[in-house]
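The values are calculated or read from the model by the stated rules, or taken from the named source; none is laboratory data. From a predicted model like this one, the values you see are computed outputs, not experimental measurements. A quick note on method: Cβ atoms are made from the backbone with ideal geometry, for glycine too, and the neighbour counts reach across all protein chains shown. Each accessible area value is taken on the protein alone, full model and side chains, heavy atoms only, with ligands, DNA and RNA left out. Shrake-Rupley method; radii C 1.70, N 1.55, O 1.52, S 1.80 Å.
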Amino acid sequence: MFTSRMCRVATLAIVGAALLAASTSPVASAAGNQRYASPGGSDAAACTYEDPCSLDTAVSGAVSGAEVIVAPGDYAVTTTLAATSVTIHGVAGKPRPRLLSNGVNAVMDLNYVTLRYIEVDHAPGQYGMALFVHNSLVDQVIARGSAQPDQDTIASRNNTIRDSVVIAPGPGGTAIQTYQNGGFVSGTYRNVTAIATEAGGIAIRAAAQGASGNVAVLARNVIARGGPGGVGLDVWTASDGATAKITVDHSNYLGASTFGTKTSLVDGGNNQSVSPAFVNAAAGDYREAAGSPTIDAGLAEFLDGDFDLDGDYRQLGTEIDIGADEFAVAPVVASGAATGVTDRSATLGGSVTANGSHTEYRFEYGPTTAYGSTTPAGDGGEFSTIAAAATLGGLSPATTYHYRLVATNAGGTSKGADRTFTTASSPTGSSPAPTTFAGVSLVSRRLTFNGRFVTPRLLCPVGTIGRCTGRITLTAKRRARGSRSATAVRLGTASFSIATGTRAKVKVRVSRAGRRLLRSGSRLRARDTNAARDGAGRSRKTVAAITIRRRHR
């Protein structure tokens, strides 16, 4: 055991030194400060949004301070992706891109890098690690190591890893190892789920050797579970004066071990050892299941980040959860009465309580309880109870319809009770009276600013005569320093024309004043105003409170 650990950390240090040397001379970028990669991108592409390049080209050509934006999909990594002083991330709200090892020792070698919303998988049949990371932030990442014996998934030096899942799937493997041979290094791991699945596996390890080797690890709000015969936390030194320490609090781990002199495991309190409940650990789904002791058992601090592994708010309950996932509760829904019923149309109502996660709702309707038709998705909000509504058109006269309200968020799908309404008989020789015009509605109140544009999605309700045409205006308030009054700032405006019963993206160019305001913080509360007109000439203005976030860099 001792010999194999010594060989592994020594090899890690040699490989890491070589990779670090290769990563310190980035090539000048030809595509500016933002570089776009896609699975089908080529090495000759411009790395722009319109002409994305390969991931290797996007990363290797990134200059200091650049942003590499990785489109969803699978990427075969044939040479180690080495990067310094850049940000590499997936696209929020879309599937997490996967980096798949193909004959490399380390999939990524990172120094002073922010890595966010990426999955990194090492090939099971190859020796090596998923990530070799120095002085960096690893956030909302899934990392899966090699299935070969005694391999680290993440080798970490002076990093913060948070809101991430790290899996060591091989015998004797370590999910996260913080190692140093001379000098001081640290590791801060917050809301991490670290799992070693096989015999002798270790979740989190602090290891030091050399006369001046000194390693200190802080594990907070962490799930750390070792494999059979392994441990959740391990502190190791060579017997030559090195020092290693793990401080753990508000965490869930089973088993801890120390080896060598000057090793310590500091219990900071509020820890638990009872097994957490996962959705499907056998299939690699380490999201919390209902009833897990880790729910609302963590310590909430601003350093935890705003969002969990899947992009839900980091705190949804009374307290923050332990581990990478924040347990989401399914919405509460109630089907309301149908109003404005005519021979051809009706307006359905109800209520949705989102319980802290972004929620969408729809109505299912039809002549039986099999329904068969649905309305376009509406925005169910995140925290408050909202009134849900949808207008149906094109109905048959003198017909009984069944309907119910359905809402979905990260916690699941909830269905309201079945209700009915009956349309009126159509007057002989007359045309159906047009429905009232409800105006357009905003599909989601959480918007993203990409540096120049904000792109809301608007819905033209079913049953609208003609199209929904009009103009969208985004505004916010700016408060001068030391003043109690606030001035209105127009962020941007754009026109729209949307077909009945459909949704459309509206690209709003943000004004210079708006860009300054949006860049002053990570998020901005604003107002969306939509002045719309239908084909019959009727107009309606709708207003909604929105939150605009800057895209992660």
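Put simply, of 269, 340 the only residue that is open to solvent by less than 40 Å² (accessible area, probe 1.4 Å), over 20 Å from residue 165 (Cβ atoms) and of a type outside the set (Val, Ile, Thr) is 269.
I'd like the full set of residues that are of a type in the set (Ser, Thr, Tyr), in contact (Cβ under 8 Å) with a residue 40 or more places away in the chain and open to solvent by 20 Å² or more (accessible area, probe 1.4 Å), limited to segment 365-384.
Here is the first cut: in segment 365-384, the ones of a type in the set (Ser, Thr, Tyr) are 365, 368-369, 371, 373-375, 384.
When the remaining residues are screened for being in contact (Cβ under 8 Å) with a residue 40 or more places away in the chain, the result is 369, 375.
Listed by number, the list holds a single entry, 369.
Going through segment 319-352 one residue at a time, which ones are assigned to a strand (DSSP E or B) and either modelled with pLDDT under 90 or not polar (S, T, N, Q) (or both)? Those that are assigned to a strand (DSSP E or B) and either modelled with pLDDT under 90 or not polar (S, T, N, Q) (or both): 332, 333, 334, 336, 337, 338, 346, 348, 349, 350, 352.
Residue by residue, here is whether (1) over 24 Å from residue 134 (Cα atoms); (2) among the hydrophobic types (A, V, I, L, M, F, W, C) holds:
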| residue | (1), (2) |
| --- | --- |
| 227 | yes, no |
| 231 | yes, yes |
| 234 | no, no |
| 242 | no, yes |
| 248 | no, yes |
| 253 | yes, no |
| 265 | no, yes |
| 271 | yes, no |
| 288 | yes, no |
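When segment 358-378 is filtered for residues that are within 30 Å of residue 326 (Cβ to Cβ) and small (Gly, Ala, Ser), the ones remaining, listed by number, are 377, 378.
State whether one or more residues within segment 505-516 are closer than 16 Å to residue 476 by Cα and loosely packed, with under 13 Cβ neighbours inside 10 Å. First the steps, then the outcome.
Of all residues in segment 505-516, those closer than 16 Å to residue 476 by Cα come to 508-516.
Applying the additional criterion that residues be loosely packed, with under 13 Cβ neighbours inside 10 Å yields 512, 516.
Yes: segment 505-516 contains one or more residues that are closer than 16 Å to residue 476 by Cα and loosely packed, with under 13 Cβ neighbours inside 10 Å.
Residues are listed down the side, and each one gets a yes or a no for (1) open to solvent by less than 10 Å² (accessible area, probe 1.4 Å); (2) in contact with an Asp or Glu (Cβ under 9 Å, 6 or more places away or on another chain); (3) at pLDDT below 95:
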| site | (1), (2), (3) |
| --- | --- |
| 144 | no, yes, no |
| 166 | yes, no, no |
| 171 | no, yes, no |
| 182 | no, no, yes |
| 187 | yes, no, no |
| 202 | yes, yes, no |
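Within segment 453-472, restricting attention to residues that are within 12 Å of residue 532 (Cβ to Cβ) and open to solvent by less than 40 Å² (accessible area, probe 1.4 Å), the residue that is nearest to the chain's Cα centre (by Cα) is 458. I'd like to know if segment 523-542 contains one or more residues that are among the charged types (D, E, K, R), open to solvent by 60 Å² or more (accessible area, probe 1.4 Å), in a loop (DSSP other than H, G, I, E, B) and more than 19 Å from residue 490 (Cβ to Cβ). Among the residues of segment 523-542, at least one is among the charged types (D, E, K, R), open to solvent by 60 Å² or more (accessible area, probe 1.4 Å), in a loop (DSSP other than H, G, I, E, B) and more than 19 Å from residue 490 (Cβ to Cβ), which makes the answer yes. A single entry from 224, 290, 300, 277 fulfils the requirement of being hydrophobic (A, V, I, L, M, F, W, C), surrounded by fewer than 18 Cβ atoms within 10 Å (Cβ to Cβ) and under 21 Å from residue 169 (Cβ atoms): 277. Annotation: residue 495 fulfils all but one of (1) of a type outside the set (Asp, Glu); (2) open to solvent by 60 Å² or more (accessible area, probe 1.4 Å); (3) under 23 Å from residue 92 (Cα atoms); the unmet one is (3).
Can you find a residue in segment 442-452 that is more than 26 Å from residue 314 (Cα to Cα), modelled with pLDDT of 90 or more and either open to solvent by 20 Å² or more (accessible area, probe 1.4 Å) or in a strand (DSSP E or B) (or both)? No, because not a single residue in segment 442-452 is more than 26 Å from residue 314 (Cα to Cα), modelled with pLDDT of 90 or more and either open to solvent by 20 Å² or more (accessible area, probe 1.4 Å) or in a strand (DSSP E or B) (or both). Of the residues making up segment 101-141, those that are more than 17 Å from residue 170 (Cβ to Cβ), in a strand (DSSP E or B) and out of contact with any helix residue (DSSP H, G or I) (no Cβ under 9 Å at 6 or more places or on another chain) are 110, 114, 115, 116, 119, 133, 137, 138, 139.
Among the residues of this structure, residue 258 counts as one that is assigned to a strand (DSSP E or B) and within 18 Å of residue 204 (Cβ to Cβ). For segment 262-291, the set of residues classified as assigned to a strand (DSSP E or B) and without any contact (Cβ under 8 Å) to a residue 60 or more places away in the chain consists of 263, 264, 265, 266, 267, 272, 278, 279, 280, 285, 287, 288, listed by residue number. For segment 400-417, a residue qualifies if it is surrounded by 13 or more Cβ atoms within 10 Å (Cβ to Cβ) and in a loop (DSSP other than H, G, I, E, B), and the qualifying residues are 410, 411, 416. Taking the numbered list (1) within 14 Å of residue 157 (Cβ to Cβ); (2) modelled with pLDDT under 95 in turn, residue 262 passes all entries but (1).
With surrounded by fewer than 19 Cβ atoms within 10 Å (Cβ to Cβ), under 29 Å from residue 448 (Cα atoms), over 22 Å from the mean Cα position of the chain (by Cα) and modelled with pLDDT of 90 or more as the only criterion, which of 46, 83, 28 stands out?
On the way: 83 fails: surrounded by fewer than 19 Cβ atoms within 10 Å (Cβ to Cβ); 28 fails: modelled with pLDDT of 90 or more.
Being surrounded by fewer than 19 Cβ atoms within 10 Å (Cβ to Cβ), under 29 Å from residue 448 (Cα atoms), over 22 Å from the mean Cα position of the chain (by Cα) and modelled with pLDDT of 90 or more holds for just one of 46, 83, 28, which is 46.
Does segment 97-105 contain at least one residue that is surrounded by fewer than 19 Cβ atoms within 10 Å (Cβ to Cβ) and touching a Lys or Arg at 6+ places or on another chain (Cβ under 9 Å)? For segment 97-105, residues surrounded by fewer than 19 Cβ atoms within 10 Å (Cβ to Cβ) and touching a Lys or Arg at 6+ places or on another chain (Cβ under 9 Å): absent.
For segment 240-255, a tally of residues being buried (at least 19 other Cβ atoms within 10 Å of the Cβ), in a strand (DSSP E or B) and not hydroxyl-bearing (Ser, Thr, Tyr) returns 5.
Could you list, in sequence order, the residues of segment 53-78 that are of a type outside the set (S, T, N, Q), open to solvent by 40 Å² or more (accessible area, probe 1.4 Å) and part of a loop (DSSP other than H, G, I, E, B)?
Within segment 53-78, the subset of a type outside the set (S, T, N, Q) is 53, 55-56, 58-59, 61-63, 65-77.
Remaining after also requiring open to solvent by 40 Å² or more (accessible area, probe 1.4 Å): 56, 63, 65, 72, 74, 76.
Answer for segment 53-78, where residues must be of a type outside the set (S, T, N, Q), open to solvent by 40 Å² or more (accessible area, probe 1.4 Å) and part of a loop (DSSP other than H, G, I, E, B): 63, 65, 72.
Specify the residue that is nearest to residue 276 (Cα to Cα); the eligible residues are those in segment 303-327 that are open to solvent by 50 Å² or more (accessible area, probe 1.4 Å) and within 14 Å of the chain's Cα centre (by Cα). It would help to see each step written out before you state the result.
In the first step, residues of segment 303-327 are kept if they are open to solvent by 50 Å² or more (accessible area, probe 1.4 Å); the result is 303, 306, 310, 315, 318-319, 327.
Within this subset, residues satisfying the condition of being within 14 Å of the chain's Cα centre (by Cα) are 306, 310, 315, 327.
On the way: 306: 23, 310: 19, 315: 18, 327: 12 Å.
My answer is 327.
Checking segment 39-55 against the condition returns a match, with at least one residue being in contact (Cβ under 8 Å) with a residue 24 or more places away in the chain and in contact with a Gly (Cβ under 6 Å, 6 or more places away or on another chain).
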